[in-house]
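To keep things clear, I will list the structure first and then write my remarks on it.
The values are calculated or read from the model by the stated rules, or taken from the named source; none is laboratory data. Because the structure is predicted, anything quoted here is derived from the model rather than measured. We place every Cβ from the backbone using ideal geometry, glycine too, and count neighbours over all the protein chains shown.
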């Protein structure tokens with residue numbers, strides 16, 4: 001038999017075997033850093049530990065922290081160790097909730113205590129260190145569902161018990177470390193000793209569990225906390241408290257009881273109220289003539305810009321939409337990527353000098369002819385579209401660099417406002433399994449790419465890591481520059497997206513490196529009930545990705 005060895009998806013070597021051997025023995029003679037391997041992926045399909053014995057020709061991908069899937073394994077493993085530490089120190093009378101991503105970690109709260117202090121952070125961190133140094137095995141085991149319910153009832157995990165009772169399976173998989181049990185929907189590391197870098201930082205009313213970054217798997221220093229983004233998360237959390245919805249099962253029960261229609265209307269009304277408040281505040285600031293909108297992929301920027309324009313009109317302003325895409329430099333002047341391709345996401349792919357010249361002229365009351373970029377020829381040409389700002393006019397521009405001051409360096413700060421929009425999901429599967437914001441955006445993009453660009457789910461999944469790299473470079477470092485922030489996430493959206501994404505994800509072939517990612521997303525969609533598109537308002541941000549929007553794109 002032949003074993004095709006890969007390291008983080010990259011080709012490594014081929015090993016010929018006359019007889020079957022466990023992975024641990026098979027890798028002993030290679031230069032693969034086994035102490036850094038968090039899990040082994042077999043034939044793009046399943047994760048196993050080093051005790052696995054291949055029985056035929058097999059592709060073995062050794063996954064470390066440097067692989068996107070390895071990063072997720074590491075993060076979930078840190079959360080598992082945190083949960084074990086909190087349970088050991090505080091017992092079943094306390095509830096740990098992993099609430100949302102923030103900065104380079106996740107924000108967490110422990111309920112059942114009077115308040116959370118620095119001393120609590122220090123105790124938990126010390127216990128986590130003890131668990132890591134003990135290098136304990138983390139075993140994934142199959143358990144009868146009735147037995148699992150009994151285990152989690154004894155642990156005080158009502159959130160897990162509710163889920164197990166709602167969708168009854170004869171058997172479920174749980175993770176066990178010593179006498180501690182938990183349920184995770186993504187794979188964990190094989191041993192606690194593989195998790196070395198983390199931190200626990202006090203942030204009232206809870207704390208931030210920090211994760212490492214970079215190829216060397218180290219914590220970034222100094223720790224910079226995004227205060228504006230955190231305030232937006234806290235605002236959304238208050239909405240969820242009012243709506244009494246925190247986990248997917250809460251939304252499922254609304255569909256079971258036929259209460260989902262009113263819930264959708266309330267959520268959409270909250271969106272519209274927030275957009276109206278932003279528009280009214282902009283109009284009050286008479287000196288503001290430029291509105292810049294930016295956010296990561298599939299945040300709903302286009303629909304938000306159109307709804308904001310409607311609300312600006314309702315506040316007696318007249319929005320003039322200008323496309324940043326028309327300000328690209330000539331194709332031959334486009335900066336290259338490290339691989340030698342055109343880097344269209346670089347801010348220097350835009351003609352900043354010309355853009356700032358035209359914006360300055362407009363704000364000075366002059367008439368200008370807007371450009372039109374011919375993407376086929378890779379050159380700018382005349383548009384024959386002339387504009388001149390009147391007293392009530394406001395320029396609206398949407399693009400990935402909107403928050404970067406370099407984009408509009410010539411425009412004084414008091415003449416412009418910057419709006420950051422992102423789908424900051426705070427819905428959980430249970431207290432320890434959050435639905436990642438990036439997963440919601442990825443599902444949106446899979447649907448949109450198929451419907452409007454003709455891409456398969458496989459193509460979108462394989463392209464997603466490079467999209468994320470662009471966001472990390474061009475968007476997230478500037479998010480705290482925003483004057484306003486808008487959360488485009490809708491708590492009910494997984495139920496709507498489910499039917500649109502399901503077949504697309506099923507079409508990803510088993511021999512594709514995107515297969516395990518597709519199956520992971522399918523498992524996420526499995527826990528949500530279907531919500532009919534007919535219940536979604538025609539101006540909803542979700543309609544930008546499904547169909548039937550009242551706006552033209």
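Descriptive notes on the structure:
- Residues in region 1-45 that are part of a strand (DSSP E or B) and over 33 Å from the mean Cα position of the chain (by Cα): 2, 3, 13, 14, 15, 16.
- Qualifying residue in region 246-259 (condition: assigned to a strand (DSSP E or B), surrounded by 20 or more Cβ atoms within 10 Å (Cβ to Cβ) and on the phi < 0 side of the Ramachandran plot): yes
- The single condition among (1) crowded, with 17+ Cβ neighbours inside 10 Å; (2) under 25 Å from residue 462 (Cβ atoms); (3) touching a residue at least 60 places away in the same chain (Cβ under 8 Å) that residue 63 does not satisfy is (3).
- Here residue 361 meets each of (1) surrounded by fewer than 13 Cβ atoms within 10 Å (Cβ to Cβ); (2) over 33 Å from the mean Cα position of the chain (by Cα); (3) without any contact (Cβ under 8 Å) to a residue 12 or more places away in the chain with one exception, condition (1).
- Condition check for residue 428 on (1) farther than 23 Å from residue 106 by Cβ; (2) surrounded by 20 or more Cβ atoms within 10 Å (Cβ to Cβ); (3) in contact with a strand residue (DSSP E or B) (Cβ under 7 Å, 6 or more places away or on another chain): one failure, at (1).
- Criterion violated by residue 34 - all others in (1) outside the structural domain of residue 127 (by TED's automatic domain parsing); (2) touching a strand residue (DSSP E or B) at 6+ places or on another chain (Cβ under 6 Å) satisfied: (2)
- Residue match in region 77-99 (condition: in a loop (DSSP other than H, G, I, E, B), touching a strand residue (DSSP E or B) at 6+ places or on another chain (Cβ under 9 Å) and touching a residue at least 12 places away in the same chain (Cβ under 8 Å)): yes
- Looking only at region 267-285, and only at residues there that are touching a strand residue (DSSP E or B) at 6+ places or on another chain (Cβ under 8 Å) and within 20 Å of residue 536 (Cα to Cα), the one that is surrounded by the most Cβ atoms within 10 Å (Cβ to Cβ): 275
- Filter result (surrounded by 12 or more Cβ atoms within 10 Å (Cβ to Cβ) and within 22 Å of residue 66 (Cα to Cα)) within region 4-25: 4, 5, 6, 7, 8, 9, 12, 13, 23, 24
- Note on region 368-408: residues that are in contact with a strand residue (DSSP E or B) (Cβ under 9 Å, 6 or more places away or on another chain), more than 22 Å from residue 309 (Cβ to Cβ) and part of a loop (DSSP other than H, G, I, E, B) amount to 4.
- Residues of region 340-351 that turn out to be surrounded by fewer than 16 Cβ atoms within 10 Å (Cβ to Cβ) and over 15 Å from residue 467 (Cα atoms), as a count: 2
- Residue list for region 453-473, filter: modelled with pLDDT of 90 or more, in a helix (DSSP H, G or I), over 14 Å from the mean Cα position of the chain (by Cα) and surrounded by fewer than 19 Cβ atoms within 10 Å (Cβ to Cβ): 459, 462, 463, 473
- Selection from region 201-236 of residues that are surrounded by fewer than 16 Cβ atoms within 10 Å (Cβ to Cβ), in contact with a strand residue (DSSP E or B) (Cβ under 7 Å, 6 or more places away or on another chain) and assigned to a helix (DSSP H, G or I): 228
- Among the candidates 127, 69, 133, residue that is touching a helix residue (DSSP H, G or I) at 6+ places or on another chain (Cβ under 9 Å) and at pLDDT below 95: 69
- Condition met for residue 279 (in contact with a helix residue (DSSP H, G or I) (Cβ under 9 Å, 6 or more places away or on another chain), in a helix (DSSP H, G or I) and either modelled with pLDDT of 95 or more or within 30 Å of residue 322 (Cα to Cα) (or both)): yes
- Of all residues in region 431-452 being touching a strand residue (DSSP E or B) at 6+ places or on another chain (Cβ under 7 Å) and at pLDDT 95 or above, the one that is farthest from residue 76 (Cα to Cα): 431
- Meets criteria (in a helix (DSSP H, G or I), in the same structural domain as residue 433 (by TED's automatic domain parsing), farther than 15 Å from residue 483 by Cα and within 22 Å of the chain's Cα centre (by Cα)) for residue 272: no
- Per the conditions (1) assigned to a helix (DSSP H, G or I); (2) over 15 Å from the mean Cα position of the chain (by Cα); (3) buried (at least 22 other Cβ atoms within 10 Å of the Cβ), the sole criterion not satisfied by residue 494 is (2).
- Region 100-113, residues that are closer than 14 Å to residue 431 by Cβ and outside any loop (DSSP other than H, G, I, E, B): 100, 106, 107, 108, 109, 110, 111
- Taking the criterion of being over 22 Å from the mean Cα position of the chain (by Cα) and more than 11 Å from residue 127 (Cβ to Cβ), the residues of region 84-108 that qualify are 91, 92, 93, 94, 95.
Residue-wise test of (1) part of a helix (DSSP H, G or I); (2) closer than 21 Å to residue 535 by Cα; (3) modelled with pLDDT of 95 or more; (4) in contact with a helix residue (DSSP H, G or I) (Cβ under 6 Å, 6 or more places away or on another chain).
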| residue | (1), (2), (3), (4) |
| --- | --- |
| 283 | yes, no, yes, no |
| 291 | no, no, yes, no |
| 297 | no, no, no, yes |
| 332 | yes, no, no, no |
| 339 | no, no, no, no |
| 359 | yes, no, yes, no |
